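In what follows, a structure is listed as structure tokens, so that the remarks can point back to it.
The values are calculated or read from the model by the stated rules, or taken from the named source; none is laboratory data. As the structure is a prediction and not an experimental result, all values here were calculated from the model. Cβ placement follows ideal geometry from the backbone for every residue including glycine, while neighbour counts extend to all protein chains displayed.
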Amino acid sequence: MTFIKRLPRFEYHAPASLSEALDLLAQFGEKARVFAGGTDLLIAMKRREAAPEHLINLKGITDLKGIERDGNRGIRIGPLVTLEEIRHSGMVKEKLPCLWDAVNVMASPQIRSLATIGGNICSAMPSADTVPPLITSGALVRIAGAAGEREVSVEDFFKGPGESVLKGDEILIRIFIPEPGEKNGGAYLKLMRRHAMDLAQVGVAVCLCLDGDRLTCKEAGVALGAVAQTPIRAPNAEKTLVNKKISPEAAKEAGKVASEEANPRSSIRASKEYRKAMIEVLTARAVLSAYERACGNGKFQRE
């Protein structure tokens, strides 16, 4: 049995700018950790799974906040934006319904008011709910560190459970999501034991781009969470949808192929076989939901 203890001793820092935060990281190295909401890190510290000597709170850095359009980059989201802010964003609900779906099935209102999208990404957990929608949307993250700034696709950000390409002296500073067109639609479906209060047993995100008549799928994105060492794309499932009319049969075929692409493990929360079966079911449902949204009238278009 794991007992929650008091936080270990640490020195607290509250930089007012990104440059100040990067200086602190360079100064203290592996002894320091950055945080914003702290919903993961502080629990890990109480469990003695992490024991940084210096905590650097990023909440005071205004440049890391906000949701806005950014010229040719699409929609820009700051890493300090909370899940609750995303949930209440009209822009996200209208333009990025897949991401909006994800935050609506995450945690409790109390946690969502603290937890940030940057923290959900940087935790690098296979079950991170915001990640599959970001992958299907072609999102990029900008990272700043002592060596300068660089950009990485969300799809390439993860290396393994709890591991990412983020170096010890780097901070995620921006999330860029290409703004979808009028004939795009997306959906995220999550399997869990308790409604909105549990980690995903399976998470499926689907984004579709239709042709001018909204009959044929021109582009498709399918991404899965909690079914591999990292959130993954399902490229073969995507191929089954491209240049085809979306139908229940096409959706079912995409689900079958997505299940074959995943390699989930059995755990106390779900068996491998159950996860693979549910990937098939949820992918088919997400394809049809995304198609309905792309059609713009909430109804499945049948011939």
List the pairs whose first member sits in the range 107-119 and is over 9 Å from LEU80 (Cα atoms), whose second member is assigned to a helix (DSSP H, G or I), and whose Cβ atoms are under 6 Å apart, counting only residues at least 6 apart or on separate chains? ARG112/LEU83; ARG112/GLU84; SER113/GLU84
Of the residues in the range 32-50, those that are exposed (fewer than 14 other Cβ atoms within 10 Å of the Cβ), charged (D, E, K, R) and without any contact (Cβ under 8 Å) to a residue 40 or more places away in the chain number 1
Which strands (runs of 3 or more DSSP E) does the range 61-147 wholly contain that include 1 or more residues that are of a type in the set (Gly, Ala, Ser) and modelled with pLDDT of 95 or more? 140-145
For THR39, which of the numbered conditions (1) of a type in the set (S, T, N, Q); (2) in a helix (DSSP H, G or I); (3) touching a Leu at 6+ places or on another chain (Cβ under 6 Å) fails to hold? (2)
For the list (1) surrounded by fewer than 24 Cβ atoms within 10 Å (Cβ to Cβ); (2) under 26 Å from ARG142 (Cβ atoms), I need the number of the one condition that LEU191 fails. (2)
I need the full set of residues from the range 47-70 which are under 13 Å from ARG174 (Cβ atoms) and out of contact with any Phe, Trp or Tyr (no Cβ under 8 Å at 6 or more places or on another chain), in order please. ILE61, ASP63, LEU64, LYS65, GLY66, ILE67, GLU68
Could you pull out the residue among GLY255, GLY168, GLY185, GLY221 that is in contact with an Asp or Glu (Cβ under 9 Å, 6 or more places away or on another chain) and surrounded by fewer than 16 Cβ atoms within 10 Å (Cβ to Cβ)? GLY168
Do we have any residue at all in the range 233-248 that's farther than 16 Å from LEU189 by Cβ, free of Cβ contacts under 8 Å to residues at least 24 places away in the same chain, of a type in the set (Val, Ile, Thr) and out of contact with any Leu (no Cβ under 6 Å at 6 or more places or on another chain)? yes
Residue that is surrounded by the most Cβ atoms within 10 Å (Cβ to Cβ), among those in the range 3-20 that are among the aliphatic types (A, V, I, L, M) and either closer than 24 Å to LYS46 by Cα or free of Cβ contacts under 8 Å to residues at least 12 places away in the same chain (or both): ALA14
In the range 194-216, which residues are surrounded by fewer than 24 Cβ atoms within 10 Å (Cβ to Cβ) and either in contact (Cβ under 8 Å) with a residue 24 or more places away in the chain or within 14 Å of the chain's Cα centre (by Cα) (or both)? HIS195, ALA196, MET197, LEU199, GLN201, CYS209, ASP211, GLY212, ARG214, LEU215, THR216
Condition check: among the polar types (S, T, N, Q), free of Cβ contacts under 8 Å to residues at least 24 places away in the same chain and part of a helix (DSSP H, G or I). Does THR283 satisfy that? no
Looking at (1) surrounded by fewer than 20 Cβ atoms within 10 Å (Cβ to Cβ); (2) touching a residue at least 24 places away in the same chain (Cβ under 8 Å); (3) more than 22 Å from SER164 (Cβ to Cβ), can you tell me which one ASN72 breaks? (2)
